[in-house]
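**Q** Pasting in a structure now, in structure tokens, and then I'll have a few things to ask.
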Amino acid sequence: MRREVQQEELLRVPVHMKLHYRFPAGAHYERFFKEMKETGRIMGVRCPECRRVLVPPRPVCGECFARTEEWVQVGPKGTVVAYTSICFSFIDLTTGKPRPIPYGAGLIQLDGAYSAINHILEEGDPGKLYIGMRVEAVLKEKREGNIGDILYFKGIEE
Amino acid sequence: MNPQVAVIGASQTKFESDKGYEAIIETVFNVVLEAMADAGVKRDDLDSIVTSSVDLWDGRTASNQMLTDVVGAIMKPESRVAGDGLGAAFQGIMTILAGVSEITLVVSQCRGSMGAYYEISNWVFDPIYQQTLGLDYLSAGALQANHYMKQFGISQKDCARVVIKNLRDAQNNPYAQVAREATVDEVMDSPMLAYPIKEMDVAPISDGACAVVLASREKAKALSKKPIWILGAGSCLDSHYLGDRDLAGGDALIRASKKAYGMAGISDPLEELDVAEVSAAFSYQELLWTELLGFCGRGEGAKILQKGMTSLGGTLPVNPSGGMIAGNPVTVAGLTRLVEAVLQVRGEAGARQVRGARKALAHGTTGCCGQGQYVMIVGN
Ligand SMILES: [Zn+2]
């Protein structure tokens with residue numbers, strides 16, 4: 001049984017943890033962002049063993065334990081393989097502002113890619129989103145070389 | 001008793017102040033491939049994986065998850081030690097002794113360049129009583145240094161000679177980050193950070209990784225031409241609160257080493273060991289640890305160093321690699337000591353080779369001022 005506490009409030013010590021990191025992206029991510037910034041092309045890498053195209057590109061295919069070096073263009077069209085509608089806001093680290101709610105979030109398999117990428121969906125109404133929905137990447141005009149260069153994916157008619 | 005676990009593969013990266021030119025996963029993949037090639041095993045041969053890394057250094061929650069692909073852990077069991085890499089090697093040994101694994105890969109990685117040393121080591125301490133007082137690994141180390149030095153009459157110049165030996169010997173180690181000839185005056189003249197610890201008494205902060213492949217007795221015999229056996233292992237924790245400990249006493253290391261020596265049948269470590277790699281983040285710690293490991297009497301660490309007994313060519317070379325003073329990838333340090341010990345008993349340590357080395361000691365610590373202690377004896 002819980003002991004009755006006489007005091008109004010027990011001491012709680014506030015702890016603030018603030019740290020800064022500079023996360024080394026590595027050559028694969030650097031090329032991915034450079035290509036998107038300069039040419040607007042979304043790139044993946046093909047595994048030399050299983051031949052799957054990994055997006056975002058990474059130096060190793062974990063399943064085959066093999067280095068990936070062959071670059072291929074994917075998208076910008078793709079298919080929604082999972083989606084949700086987010087009703088709580090978060091501070092967008094790239095803008096420092098809360099993202100307006102609700103917004104759609106999904107996993108998008110870009111045409112030509114094996115793996116799907118996480119991104120924002122323009123459509124935020126869960127009634128209008130569906131698995132298998134065709135979408136296309138909408139890129140920023142002034143791209144900066146980060147994942148926010150893709151603004152969102154918008155639904156398309158085909 | 002016949003040793004049941006062997007190291008059949010070992011690899012380390014060069015330790016550098018900033019490996020920002022490649023992603024962590026690239027560093028780890030390279031070191032893992034090297035260790036596996038050294039062992040002659042493929043990914044399918046790995047039964048389990050044990051990693052060592054610390055979230056606060058990695059800037060990610062459960063940061064071992066980013067390594068899954070590059071340590072070959074997809075569809076395999078992986079567990080992580082959030083601390084020193086030699087602790088991960090202990091876990092790896094246990095996976096084999098428990099009979100759940102015949103071949104276990106042990107990997108440790110840290111990017112010292114990414115995080116903030118002061119904050120991360122400050123957050124080790126109790127937020128209610130200690131953190132706000134500014135306690136960190138350096139200031140705590142200074143308390144231990146002073147306590148030890150006052151009790152046994154060790155001078156700052158005695159500690160400076162550790163730095164000189166290690167930086168000099170590191171010139172033989174291609175993986176070292178810092179290596180050069182230095183003088184006692186240079187160490188004495190380097191800026192005072194926390195009395196009596198000066199800038200040159202402190203290990204640098206490094207980026208790097210290590211990987212070791214462990215195998216059961218049967219697998220080691222079948223696969224390896226040069227298995228290096230784990231002859232003894234001991235680990236022990238002291239209390240967390242500095243004020244509860246005898247800082248110069250080091251009971252945990254005495255117990256951990258006695259356990260390891262007992263298993264390995266060693267009664268006189270100075271005579272029976274051929275080389276020791278110890279994890280000393282500060283110069284005074286190398287003296288303190290060599291005493292607690294029983295290489296000499298209490299207070300005699302500086303004396304055996306000055307006599308050259310712990311130098312390359314001496315009775316028992318300590319840290320011929322240069323130790324942590326030559327490169328300190330924080331939580332990787334202990335596994336680096338094991339890799340060095342393995343290279344020594346294989347006779348593959350290049351210019352830092354201790355001639356005819358057959359038995360080597362690897363030492364690791366975790367927590368503040370050596371709260372946790374790991375000792376491993378390897379031999380062929
Ligand atoms: Zn593959």
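**Q** Return the long-range amide H neighbours of A:Tyr152 (sequence gap of 5 or more, or a different chain), with a cut-off of under 5 Å between placed amide H atoms.
**A** Sorted by chain and number, the residues that satisfy this are A:Val138.
**Q** Report the chymotrypsin sites (Phe, Trp or Tyr not before Pro) located in the range B:27-130 that are in a DSSP loop and have at most 13 other Cβ atoms inside 10 Å of their Cβ, or state none.
**A** Those that pass, being in a loop and sparsely packed, are B:Tyr129.
**Q** Could you pull out every one of the lysines with an alpha carbon less than 23 Å from that of B:Lys198, ignoring same-chain neighbours closer than 8 positions?
**A** Of all the lysines, those that pass the test against B:Lys198 - Cα under 23 Å, at least 8 places apart if same chain - are B:Lys150, B:Lys157, B:Lys165, B:Lys303.
**Q** Most mobile of A:Val55, A:Val74, A:Val15 per a Gaussian network model of chain A (Cα springs, under 10 Å)?
**A** Checking each option, the largest mean-square fluctuation is seen for A:Val15.
**Q** List the residues of the range A:21-42 that lose 40 Å² or more of accessible area once all protein chains are present, compared with their chain alone (1.4 Å probe, heavy atoms only, no ligands or nucleic acids).
**A** Relative to the lone chain, where solvent access is computed with a 1.4 Å probe, the range A:21-42 loses at least 40 Å² at A:Tyr21, A:Phe23, A:Pro24.
**Q** Using a 1.4 Å probe on the protein heavy atoms, what percent of the accessible area of the protein assembly as shown belongs to carbon and sulfur?
**A** Accessible surface attributable to carbon and sulfur in the protein assembly as shown totals 51 percent.
**Q** GluC sites (Glu not before Pro), restricted to the range A:49-98: which are DSSP loop and have at most 13 other Cβ atoms within 10 Å?
**A** Here the GluC sites (Glu not before Pro) that fit, given the DSSP loop and packing criteria, are A:Glu49, A:Glu69.
**Q** Between A:Pro57, A:Pro14, A:Pro48, which gets the highest mean-square fluctuation from a Gaussian network model of chain A, Cα cutoff 10 Å?
**A** In this elastic network of chain A, the residue with the biggest mean-square fluctuation among A:Pro57, A:Pro14, A:Pro48 is A:Pro14.
**Q** Average the reciprocal distances over every distinct pair of alpha-carbons in the range B:20-66, invert the result, and give the Kirkwood radius in Å.
**A** About 12.2 Å for the range B:20-66.
**Q** Just reorder B:Thr310, A:Thr39 by solvent-accessible area, largest first, 1.4 Å probe, all chains present.
**A** The most accessible residue leads, giving A:Thr39, B:Thr310.
**Q** Let me ask something additional. What Rg and what Dmax come out for chain B when only alpha-carbon atoms are used, in angstroms?
**A** 19.2, 56
**Q** If you take every DSSP beta bridge fully contained in chain B, what fraction is antiparallel? Give it as a percent rounded to 5.
**A** Percent antiparallel among DSSP bridges in chain B is about 75.
**Q** In addition: Between the chain alone and the structure with every protein chain in place, find the residues of the range A:55-103 that drop at least 40 Å² of accessible area; heavy atoms, 1.4 Å probe.
**A** In the range A:55-103, residues shielded by partner chains: A:Pro59, A:Val60, A:Gly62, A:Glu63, A:Phe65, A:Arg67.
**Q** Follow-up question, since we're still on this one. Looking only at the range A:26-155, where both bridge partners belong to it, what percent of the DSSP beta bridges are antiparallel (to the nearest 5)?
**A** Here the share of antiparallel DSSP bridges comes out near 95 percent.
**Q** Further question: Please compute the contact order of the range B:251-380 in relative form: average sequence separation of alpha-carbon pairs under 8 Å and at least six residues apart, divided by the residue count, as a percent.
**A** Relative contact order, the range B:251-380: 31 percent.
**Q** I want to verify the translational diffusion coefficient of the range A:26-155 in µm²/s; compute it with Stokes-Einstein, Rh as the Kirkwood radius over Cα pairs, at 37 °C and 0.692 mPa s.
**A** 214 µm²/s
**Q** With bins 10 Å wide starting at 0, give me the P(r) of the protein assembly as shown over every alpha carbon pair, in whole percents.
**A** Taking all Cα pairs of the protein assembly as shown, the binned fractions are 4, 17, 25, 22, 16, 11, 5, 1, 0 percent.
**Q** Further question on the same structure: Can you tell which of A:Ile101, A:Ile42, A:Ile91 shows the greatest fluctuation in a Gaussian network model of chain A with Cα springs below 10 Å?
**A** Most flexible of the set in this elastic network: A:Ile91.
**Q** Taking Cα pairs under 8 Å and at least six residues apart, what relative contact order does the range A:26-155 come out at, in percent?
**A** Relative contact order here is 23 percent.
**Q** Could you list which residues have their amide H under 5 Å from that of A:Val74, counting only those 5 or more apart in sequence or on another chain, with H placed in the peptide plane?
**A** The list, which skips near neighbours in sequence, is A:Ile42, A:Met43, A:Gly44.
**Q** Just to be sure I understand the interface: list residues from the range B:97-135 that lose 20 Å² or more of accessible area between the chain on its own and the complete protein assembly, 1.4 Å probe.
**A** In the range B:97-135, residues shielded by partner chains: B:Met114, B:Trp123, B:Pro127, B:Ile128.
**Q** Within straight cross-link reach of B:Lys219, meaning Cα distance under 25 Å, which lysines are found once same-chain residues fewer than 8 apart are removed?
**A** B:Lys42, B:Lys76, B:Lys359
**Q** Let me ask another. How big is the B/A interface in buried accessible area, both sides summed, 1.4 Å probe, to the nearest 100 Å²?
**A** 2100 Å²
**Q** What list of ³J(HN,Hα) couplings, whole Hz, do you get for the range A:65-81 from phi and the Karplus terms 6.51, -1.76, 1.60, once you set θ to phi - 60° and write x for glycine and proline?
**A** 6, 10, 6, 10, 9, 8, 8, 9, 7, 10, x, x, 8, x, 10, 6, 9
**Q** Separate question: Taking θ as phi - 60°, what are the ³J(HN,Hα) couplings along the range B:313-326 by the Karplus curve (6.51, -1.76, 1.60), each to the nearest whole Hz, with x for Gly and Pro?
**A** These are the phi-based 3J(HN,Hα) values: x, x, 4, 9, x, 10, 6, x, 6, x, x, 5, 4, 8 Hz.
**Q** Can you compute 3J(HN,Hα) from phi for each residue in the range B:353-363, using the Karplus curve 6.51 cos²θ - 1.76 cosθ + 1.60 with θ = phi - 60°, rounded to whole Hz and x for Gly and Pro?
**A** Once θ is set to phi - 60°, the couplings for the range B:353-363 become 4, 8, 4, x, 4, 10, 10, 10, 10, 10, 10 Hz.
**Q** Kindly report the accessible area of the range A:26-155 per residue (heavy atoms of protein chains, probe 1.4 Å, no ligands, DNA or RNA), in Å².
**A** Ligands and nucleic acids excluded, the figure is 53 Å² per residue.
The values are calculated or read from the model by the stated rules, or taken from the named source; none is laboratory data. Since the model is a prediction, treat every value here as computed from it, not as a measurement. When we count neighbours, we look across all protein chains shown, and the Cβ atoms used for this are built from the backbone with ideal geometry, even at glycine. Just so you know, the surface numbers come from the protein's heavy atoms only, side chains and all, with ligands and any DNA or RNA stripped out. Shrake-Rupley method; radii C 1.70, N 1.55, O 1.52, S 1.80 Å.
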